[in-house]
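I have placed the structure first, in the form of structure tokens, so that the comments after it can refer back to it.
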Amino acid sequence: MSRQNIILIGPMGSGKSTIGKMLAKKLNRDFMDSDHFIERRTGVDIARIFDIEGETGFRDRESKALKTLLDQNNRVVATGGGSVLRSENRALLKSMGYIIFLDTSVNQQLQRLRRDKKRPLLQTENPRERLENLFDERRPIYLDLADLAVKTDRKLARKLASDIINRLPEYLL
Ligand code: S3P
């Protein structure tokens, strides 16, 4: 069975790692986070990879990381917000897992990422404008890919995780 993974997609600050860890715990699965995996493999943080290799270099590493992480079954995998940009990645996600989209407003993202220094795409004069542009560009892609889309605004992580579990198809439980 190849589609047994649970894959979280959504923008920066949507809670993919937090919710992913909770789902993994409740479902007794391993949790893997694509950005952390890349940082562990390379020994440097994402910002440094963007500095040295540019966004294209980072995206190449991201595609490779996703292939490795999704090569196993029964995981919960949190992806980076931009991982859905490449059609190659989209095909992989689709074929290797059940995809959950954490649908988060730009206001909520800004609240969560106010002090963020780790995300290269947000180190700009106007993070709101950047997030709005990414939202317009990427939300249709997230929606199209998703097996399940959940609104996250004003919801506690714990409640969100249990709502998601209640909505998962039987074969994933
Ligand atoms: C990115 C999202 C980040 C990280 C990188 C680029 C994006 O991951 O992969 O900074 O393009 O949206 P998170 O979604 O986990 O913040």
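The values are calculated or read from the model by the stated rules, or taken from the named source; none is laboratory data. In this text, all values refer to a predicted model and were calculated from it rather than measured experimentally. All Cβ positions, even for glycine, are placed from backbone atoms using ideal geometry, and neighbour counts span all protein chains on display. The accessibility values were calculated without ligands, DNA or RNA, using every heavy atom of the protein model including side chains. Shrake-Rupley method; radii C 1.70, N 1.55, O 1.52, S 1.80 Å.
Here Arg40 qualifies as more than 10 Å from the ligand (Cβ to nearest atom), farther than 25 Å from Lys159 by Cβ, open to solvent by 10 Å² or more (accessible area, probe 1.4 Å) and part of a helix (DSSP H, G or I). At positive phi, within 12 Å of the ligand (Cβ to nearest atom) and either open to solvent by 10 Å² or more (accessible area, probe 1.4 Å) or in contact with a Leu (Cβ under 6 Å, 6 or more places away or on another chain) (or both), is that true of Gly15? For Gly15, the condition - at positive phi, within 12 Å of the ligand (Cβ to nearest atom) and either open to solvent by 10 Å² or more (accessible area, probe 1.4 Å) or in contact with a Leu (Cβ under 6 Å, 6 or more places away or on another chain) (or both) - is met. Looking across Leu27, Leu8, Leu23, one residue alone is closer than 25 Å to Leu173 by Cα, within 13 Å of the ligand (Cβ to nearest atom) and aliphatic (A, V, I, L, M). It is Leu8.
Residues in region 18-35 that are buried (at least 21 other Cβ atoms within 10 Å of the Cβ) and either in contact (Cβ under 8 Å) with a residue 60 or more places away in the chain or of a type in the set (Lys, Arg) (or both): Ile19, Leu23. Does Asn126 satisfy the condition of being open to solvent by 40 Å² or more (accessible area, probe 1.4 Å), without any contact (Cβ under 8 Å) to a residue 24 or more places away in the chain and more than 13 Å from the ligand (Cβ to nearest atom)? So Asn126 fits the description; yes. One residue is enough: does region 71-81 have a residue meeting the conditions under 13 Å from the mean Cα position of the chain (by Cα), part of a helix (DSSP H, G or I) and either within 16 Å of the ligand (Cβ to nearest atom) or of a type outside the set (S, T, N, Q) (or both)? No; the residues of region 71-81 include none that is under 13 Å from the mean Cα position of the chain (by Cα), part of a helix (DSSP H, G or I) and either within 16 Å of the ligand (Cβ to nearest atom) or of a type outside the set (S, T, N, Q) (or both). Screening region 43-63 for residues that are assigned to a helix (DSSP H, G or I) and among the hydrophobic types (A, V, I, L, M, F, W, C) and picking the one that is farthest from the ligand (Cβ to nearest atom) gives Ile52.
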